[in-house]
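All remarks here apply to the structure that follows.
The values are calculated or read from the model by the stated rules, or taken from the named source; none is laboratory data. Computed from a prediction, not measured in an experiment: that's the story for all the values here. Please note: Cβ atoms are built from the backbone with ideal geometry, for glycine as well, and neighbour counts cover all protein chains shown.
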Amino acid sequence: MNVAATSSIFVEKRTAKAGLGTAGRVLTLWYLLVMFTVFSLQVGDLRITCFFALPAALAMFARNMNSANRREMWPLALLLGVALLSVIAGKDAEFIGERSQSFVLFCYSIFMAYALRLELGRAQRSDVSWISGWLLSTIMIAAVLERLGPLRPASDAFRAWNSPYVYAAERRDLIIAGFIRPSIFTAEPSYAALGIAVFSIAWFVSTKSRYRVMLFGLVTVLALILIRSPILAISLPPVGLILLAGAFRQSSRSRRAEHVFFAVTFLMFATILSYLGVGAMSAARGGIAGDQSLAVRLVAPPRIAAAVLGDSPMLGAGLGGRGVLLTEFETVFHQLDLTRAINSSNNEIRLPNVFWEHWIYFGLAGGVIAAYAIVRYFRTLCGGNCIAAALFLFLLANSFGGYSTPRFWSFATLVVIATALAREDLVPHRESGAEIAKGKTTTLGGETQSANF
């Protein structure tokens with residue numbers, strides 16, 4: 001007898017048709033809202049980032065613990081093994097205590113993200129579309145209200161209470177935009193931009209709305225006007241690829257040509273819009289060379305990585321080894337004249353780039369093994385042909401820091417699973433359970449295997 005074995009997301013879909021239900025939607029909304037605001041617990045000098053998502057994560061894990069499987073667990077175990085090795089063998093044994101704390105935080109973050117993965121494993125496409133759509137709508141309404149004034153006192157009060165550092169770039173905001181940009185209950189406008197980018201692409205790939213391109217474009221343009229952050233542009237290239245790929249899948253030649261023309265037009269328009277928008281924002285900040293935010297995110301991290309790998313090429317500085325990197329930080333920041341980063345004690349500002357953090361912490365040998373584990377895990381969730389999702393995650397990883405914290409891993413999980421669920425519609429003929437029992441197999445997510453019993 002032949003039994004079709006596909007990517008795990010779709011195996012669960014076949015046995016859990018009901019979707020998340022009210023409880024699942026509430027838990028997922030709760031979890032993602034905390035990730036967006038980085039709602040954390042401060043106990044003395046100890047800060048537990050995104051702590052208030054933990055109850056939702058525990059509930060999601062308890063609801064779905066029977067869905068956990070070895071195929072997904074072993075890449076995560078390999079990743080944690082590399083992280084532990086980096087803690088033990090990292091640069092300068094004096095900082096092993098700091099690295100050990102980062103390892104505990106990293107385990108906590110991976111658990112949180114995996115709990116989200118288990119909950120979304122039972123989701124239908126409409127669940128992800130509903131959740132991401134409501135989050136996106138709420139954030140955009142809040143951005144407008146904060147820009148107009150009514151919501152700003154509450155947003156400022158929450159940020160002052162929840163954030164470990166004070167946002168002190170209002171003067172720059174007035175230069176860039178002519179007004180203080182909305183932060184929407186987050187630490188700073190770039191955090192809000194990240195959330196909008198993540199939720200907009202999750203909604204775009206999961207919705208079945210015929211107006212999705214128009215609505216996505218309106219949200220992106222409005223967010224650029226209100227927040228003025230280049231981070232918002234990271235969703236445009238993946239969306240262009242999705243449209244282009246969809247155009248080539250059209251069955252008739254006439255429809256294919258029409259959709260390819262539309263996709264190419266969108267790509268050209270998005271490219272021009274991004275160029276003009278990012279150029280205008282960079283010009284207001286003193287040009288690309290003078291834009292400290294851009295330099296801190298994109299220019300400084302590879303230079304710091306080069307310095308660390310030159311000294312510790314195989315296993316890097318060790319997970320979360322910020323203390324041992326002070327010399328490299330100061331040298332590179334002084335070379336680039338990054339006064340804001342030099343004067344800041346906040347780790348995410350000092351190294352806001354998850355991609356380069358990976359290589360700084362794990363080195364070349366550890367980094368390659370850990371990268372294999374990460375790619376293997378996300379490919380298991382997404383199935384085959386997830387180029388657009390991979391591109392978005394690469395851009396996302398170059399947009400903010402906090403490798404050991406739950407935000408990147410949670411946002412990545414949402415985007416990957418949203419993309420996987422959207423691929424259901426790419427299967428032209430889904431066989432019924434009776435057909436499968438007769439020996440037929442289905443192709444889902446590009447990964448289909450037959451097991452003979």
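Restricting to the stretch 101-135, count the residues that are part of a helix (DSSP H, G or I) and within 13 Å of T207 (Cα to Cα). Steps first, please.
At the first step, the residues of the stretch 101-135 found to be part of a helix (DSSP H, G or I) are 101-120, 125-135.
After this cut, where a residue has to be within 13 Å of T207 (Cα to Cα) as well, the list is 125-134.
The total comes to 10.
Pick out the one residue from F106, F51, F36, F111 that is of a type in the set (F, W, Y) and within 20 Å of R322 (Cβ to Cβ). Full working, then the answer.
Numbers: F51 fails: within 20 Å of R322 (Cβ to Cβ); F36 fails: within 20 Å of R322 (Cβ to Cβ); F111 fails: within 20 Å of R322 (Cβ to Cβ).
Step by step, each of F106, F51, F36, F111 is checked, and only F106 is of a type in the set (F, W, Y) and within 20 Å of R322 (Cβ to Cβ).
Of these, S200, S163, S206, which one is small (G, A, S) and surrounded by fewer than 22 Cβ atoms within 10 Å (Cβ to Cβ)?
Numbers: S200 fails: surrounded by fewer than 22 Cβ atoms within 10 Å (Cβ to Cβ); S206 fails: surrounded by fewer than 22 Cβ atoms within 10 Å (Cβ to Cβ).
Answer to the selection: S163.
Per-residue answers, yes or no, for (1) at pLDDT below 95; (2) over 24 Å from L105 (Cα atoms); (3) outside any helix (DSSP H, G or I):
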site	(1), (2), (3)
D337	yes, yes, yes
R340	yes, yes, no
S344	yes, no, yes
F355	no, no, no
I369	no, no, no
L391	yes, yes, no
S404	yes, no, yes
L414	no, no, no
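Which residue pairs have Cβ atoms under 9 Å apart, sit 6 or more places apart or on different chains, and have a first residue in the stretch 81-99 that is farther than 18 Å from A370 by Cα and aliphatic (A, V, I, L, M) and a second that is part of a helix (DSSP H, G or I) and at pLDDT 85 or above?
I96/V87; I96/I88
Would you confirm, using the coordinates I've provided, whether F52 is of a type in the set (A, V, I, L, M, F, W, C), surrounded by 14 or more Cβ atoms within 10 Å (Cβ to Cβ), at pLDDT 95 or above and within 21 Å of L135 (Cβ to Cβ)? I'd like the intermediate steps shown before the answer.
On the way: of a type in the set (A, V, I, L, M, F, W, C): yes; surrounded by 14 or more Cβ atoms within 10 Å (Cβ to Cβ): yes; at pLDDT 95 or above: yes; within 21 Å of L135 (Cβ to Cβ): yes.
So F52 passes the test.
Determine, yes or no, whether A157 is at pLDDT 90 or above, farther than 16 Å from S129 by Cα and in a helix (DSSP H, G or I).
On the way: at pLDDT 90 or above: yes; farther than 16 Å from S129 by Cα: yes; in a helix (DSSP H, G or I): yes.
So A157 passes the test.
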